[in-house]
Amino acid sequence: MPRRVSSKSAELWEWRGMTMNTIMGLINLQEDSSLIRELADRRAVESIPFAGRYRLIDFALSSMVNSGVHKVGVMLPDEPRSVLDHLRSGKDWDLARRHDGLFYLPAAPDEAQRRKGDLKNFYHNLDFIEHASTDYVLLANGSFVYNVDFDEVLRFHQNTGADITLVSHTTEDENMGSNVVIETAENGLVLDIAEKPVAYEGMKVSMGVYLMEKAVFVECVRYAYEHGGQMFLLDGIIRRAGNYTIFAYAHDGYMAHVDSMSTYYRANMEILDPVVWEKLFMGDRPIYTKIKDGVPVQYKETAKVENSLIANGCIVRGEVENSILFRGVTVGRGAKIRNSIIMQKCEIQNGALVENVICDKNVVITADKWLKGAAEYPLVIRKNTTI
């Protein structure tokens, strides 16, 4: 069960009870899947398996729950089945509640589909948002990997008097893909915000998290949509940035944005670093996921495993190095898996070699087959494939 916040003083308990309960979380599942279509062809980007047992949406949702946000709306994507199957009632996140809890917000009806972007879906659900008994909206993109204490974000937002607070991170290397790059003053005031295809080392980038009063969110969505806008970020915030006081809260922990095959592969490989693993999973804010009871891993006498994550239900007879194996994977005798991601119920048969490869669910690599991808561009095997 999600933790009950422990604090050093009764005042902090009272502050959290009075403030975090006034926040409604919104998780936007409208990530562009064109750059990761091999894994997101029939599932939302945010429901892609990650780190052996999680889904990408778990990180935003767990951060909200750990911060005391007990009303969360999930903006469903066009392909919602995998999301609904994973989240179900929200019980695993302590969101199956009589009051508040988890809400599924449907996509806009067909007549609005001719307009692209996520703004139409926010506009379609404005009635639900306006009538919610909360003062703030915490909007998060579900394709980011992080563990953020939103209590601190709210304090920062209130202390600065911002209209909008976004959560930012300073890049440690060059990031290709969809980047929202920001420039700030020393106190965090945002001076410029723009979408760029490359973020270089040392740049500040948005983590897809925006906190604002509900009235600001509603006004932003309504004005942008009714004036022909398509994207909440571009048309609601960037093009109207002069109308709002925007501050950036700096997150100094781990962050990854999964928006392409290369970023997905790199983020999983980074999880094998004990320092990264500790920052994400070993603190007092756990990451929750759908519970699946299973037997422990079986390491046979011929098994050899080094620097890898092996989930429950796996049977290992071969060698696994610098890799992630999801639940129920079978590794045959003499098989070798290196620098790879092997998803649920895959079978790597005797003598097979798999290196720099991503196998989606239920893939079978038959005996003595060798598969190799490049370190920066892994080979992707689609679901239910036999090679």
Given the structure, is ALA256 among the small types (Gly, Ala, Ser), open to solvent by 20 Å² or more (accessible area, probe 1.4 Å) and within 22 Å of the chain's Cα centre (by Cα)?
no
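This table checks each residue for (1) within 22 Å of the chain's Cα centre (by Cα); (2) among the basic types (Lys, Arg).
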{"residue": "TYR265", "(1), (2)": "yes, no"}
{"residue": "VAL275", "(1), (2)": "yes, no"}
{"residue": "LYS279", "(1), (2)": "yes, yes"}
{"residue": "TYR288", "(1), (2)": "yes, no"}
{"residue": "PRO296", "(1), (2)": "no, no"}
{"residue": "SER308", "(1), (2)": "yes, no"}
{"residue": "ILE324", "(1), (2)": "yes, no"}
{"residue": "VAL331", "(1), (2)": "no, no"}
Of all residues in the stretch 324-357, which are without any contact (Cβ under 8 Å) to a residue 24 or more places away in the chain and among the hydroxyl-bearing types (Ser, Thr, Tyr)?
THR330
What number of residues within the stretch 73-92 satisfy the criterion of being in contact (Cβ under 8 Å) with a residue 40 or more places away in the chain and open to solvent by 70 Å² or more (accessible area, probe 1.4 Å)?
1
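Somewhere in the stretch 147-162, is a residue aliphatic (A, V, I, L, M) and open to solvent by 50 Å² or more (accessible area, probe 1.4 Å)? Can you show your working first?
From the stretch 147-162, those aliphatic (A, V, I, L, M) are 148, 153-154, 162; that's our starting set.
Among the residues that remain, those that are also open to solvent by 50 Å² or more (accessible area, probe 1.4 Å) are: none.
Taking every residue of the stretch 147-162 in turn, none turns out to be aliphatic (A, V, I, L, M) and open to solvent by 50 Å² or more (accessible area, probe 1.4 Å).
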ALA250: over 22 Å from the mean Cα position of the chain (by Cα) and not polar (S, T, N, Q), yes or no?
no
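Please return the ranges of helices (runs of 4 or more DSSP H) entirely within the stretch 176-285 where 1 or more residues are closer than 24 Å to ALA40 by Cα and among the basic types (Lys, Arg).
Details: elements: 214-226, 261-271, 274-281.
Fully inside the stretch 176-285 and qualifying: 261-271.
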Somewhere in the stretch 126-136, is a residue open to solvent by 10 Å² or more (accessible area, probe 1.4 Å) and closer than 19 Å to LEU233 by Cβ?
yes
Hits in the stretch 345-360 (condition: part of a loop (DSSP other than H, G, I, E, B) and open to solvent by 40 Å² or more (accessible area, probe 1.4 Å))
LYS345, GLN349, ASN350
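The values are calculated or read from the model by the stated rules, or taken from the named source; none is laboratory data. Just so we're clear, the structure is a prediction, and the values are computed from it rather than from any experiment. Please note: Cβ atoms are built from the backbone with ideal geometry, for glycine as well, and neighbour counts cover all protein chains shown. What goes into the accessible areas is simple: the full protein's heavy atoms, side chains included, and nothing from ligands, DNA or RNA. Shrake-Rupley method; radii C 1.70, N 1.55, O 1.52, S 1.80 Å.
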